[in-house]
Amino acid sequence: MKKVLLALALCASFGATAQLVSVASVDKVDIAQGTSVSKVAAISPQGDYILVTTDYNRGLTKVDLATGSSQVISQAQGAGHDVHISSDGTTVVYREKSTKDRMQMTSVKSKNLATGAERQLVEPARTVQAVAIDGNTAVTIEGGKLQQQSLVGGQARVSAPVLSSENFQLMITQDGNKREFMPLGKQYRYIWASMSPDAGKVLFVCSGKGAYVCNTDGTGLRWLGRYQAPKWMNNELVVAMDCTDDGEVFTSSQIVVLDLNGTKQVLTGDDVIAMYPLPATGKIAFSTPTGEAFIINLNK
C-alpha cells in the first residue's frame, strides 16, 4: 500500500476566532483492509504511526502512516484505554483486563515494537490508578504505591509529578508524597486529567462544567470552556473536541485548539464528526464514530 493518506476536502479554521496554529491539510488514514478500528488510541511522539483499538477498547494495533502496514500489539480487553508511548517511539505501555474470582483485574504491560519483546510491569491487580511515561521510564500507581521501571535498561528516572485517579477523584504523587488534587472541590467528578509537558500545570475536565487548567498546587484556576477530551499540544496550547449529542449519540463534533485563556481556533468542518484528538510533533490524530482515522497536518 503505497498511498496511506487520502486527502479530504476538510477546511481548517472554520469559525475560528484566532489563528493559534497553521493547518496544511486534514487527511484520512488509509488503514489496511481487515484491520478492525473503532478509534485512534494514541499517536507516536514523532507522528510516524498511530495505535488503533476496537469497541470497548479491545485490542491494540499499530498502523504505520508511511507504509500502511499494521502490527497487532495486543488482543486483550482494555488494551486501547490510556495507552502511552515512550519518548523515542519504540515502546508501548498498555493495560490488559482480566477476571479472577468474578472480580475485574488490570495488569500493565510494555511491548518493544522493534523486537516484539513484552514485559509485565504490573501483575493483575484490582486498583491500577495511573499509568504514565516520563521519557523512557514507565510509571504506574497500583494500590496507592508508585512504581517506576526503565523501558530501555539502566536506571529509571522520574522527575515529573504523577496524576492518578480513583473513583473520579484526583491525586498528585511526587517525591514519594501523595496529596489530593481537586481544585473545584470533592463534590465533582474529574476526568481527562493530564500534566503539562513542563510539569507546571494540570489540565482536566470537571463533569458538567467543562475543561480547566491550573497550577499543580491548585492555584491559577482557569476555565477553558465546555470541551471534552483535552490534551496538551505544548505548554501553551491545548487540543480538544467541541461536541454536541442528543442524549444517545454524538450529532456533531469539531477539533479545536485553545490557548490557556480559552481563545479558540476550529480545525475541522461540519462534514465530519471529529473526536478524541491526539497531538504529536506537527500532527493531530482524531477518530470518527464510524471508525475512521484522520491526521491534521500542521505547518511548521
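Kindly establish whether ASP101 is on the phi > 0 side of the Ramachandran plot and of a type in the set (D, E, K, R). It is true that ASP101 is on the phi > 0 side of the Ramachandran plot and of a type in the set (D, E, K, R).
Condition check ((1) among the aliphatic types (A, V, I, L, M); (2) more than 22 Å from LYS201 (Cβ to Cβ)) across all residues:
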{"site": "THR137", "(1), (2)": "no, no"}
{"site": "GLU142", "(1), (2)": "no, yes"}
{"site": "GLN147", "(1), (2)": "no, yes"}
{"site": "LEU151", "(1), (2)": "yes, yes"}
{"site": "ALA156", "(1), (2)": "yes, yes"}
{"site": "SER159", "(1), (2)": "no, no"}
{"site": "LEU163", "(1), (2)": "yes, no"}
{"site": "PHE168", "(1), (2)": "no, no"}
{"site": "THR173", "(1), (2)": "no, no"}
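Taking each residue of segment 93-109 that is within 17 Å of THR140 (Cβ to Cβ) and looking for partners that are among the acidic types (Asp, Glu) and part of a loop (DSSP other than H, G, I, E, B) with beta-carbon atoms closer than 7 Å, six or more apart or interchain, yields ARG95/ASP82.
Among the residues making up segment 74-92, those that are outside any strand (DSSP E or B) and either in contact (Cβ under 8 Å) with a residue 24 or more places away in the chain or loosely packed, with under 15 Cβ neighbours inside 10 Å (or both) are GLN75, GLY78, ALA79, GLY80, HIS81, ASP82, VAL83, SER86, SER87, ASP88, GLY89, THR90.
Do we have any residue at all in segment 153-176 that's of a type in the set (Lys, Arg) and in contact (Cβ under 8 Å) with a residue 24 or more places away in the chain? No: zero hits.
Looking across GLN129, GLN71, one residue alone is over 29 Å from ALA199 (Cα atoms) and in a strand (DSSP E or B). It is GLN71.
Among the residues of segment 143-152, are any of a type outside the set (A, V, I, L, M, F, W, C), under 20 Å from the mean Cα position of the chain (by Cα) and in a loop (DSSP other than H, G, I, E, B)? No, that holds for no residue. Does THR115 qualify as being within 22 Å of GLN75 (Cα to Cα), crowded, with 20+ Cβ neighbours inside 10 Å and modelled with pLDDT of 90 or more? No; evaluated as a whole, the condition is false for this residue. Taking segment 223-300 and the strands (runs of 3 or more DSSP E) fully enclosed by it, the elements with 2 or more residues that are surrounded by 16 or more Cβ atoms within 10 Å (Cβ to Cβ) and under 16 Å from the mean Cα position of the chain (by Cα) are at 228-232, 237-245, 250-259, 275-280, 283-287, 293-298.
When ASP64 is tested against the conditions (1) surrounded by fewer than 18 Cβ atoms within 10 Å (Cβ to Cβ); (2) under 21 Å from LEU267 (Cβ atoms), the lone failure is (2).
Answer yes if at least one residue in segment 190-207 is more than 21 Å from VAL257 (Cβ to Cβ) and of a type outside the set (Gly, Ala, Ser), and no otherwise. There is at least one residue in segment 190-207 that is more than 21 Å from VAL257 (Cβ to Cβ) and of a type outside the set (Gly, Ala, Ser).
The values are calculated or read from the model by the stated rules, or taken from the named source; none is laboratory data. Only a predicted model underlies this, so the values are computations on that prediction, with no experimental measurement involved. Reconstructed Cβ throughout: ideal geometry from the backbone, glycine too, with neighbour counts over all protein chains shown.
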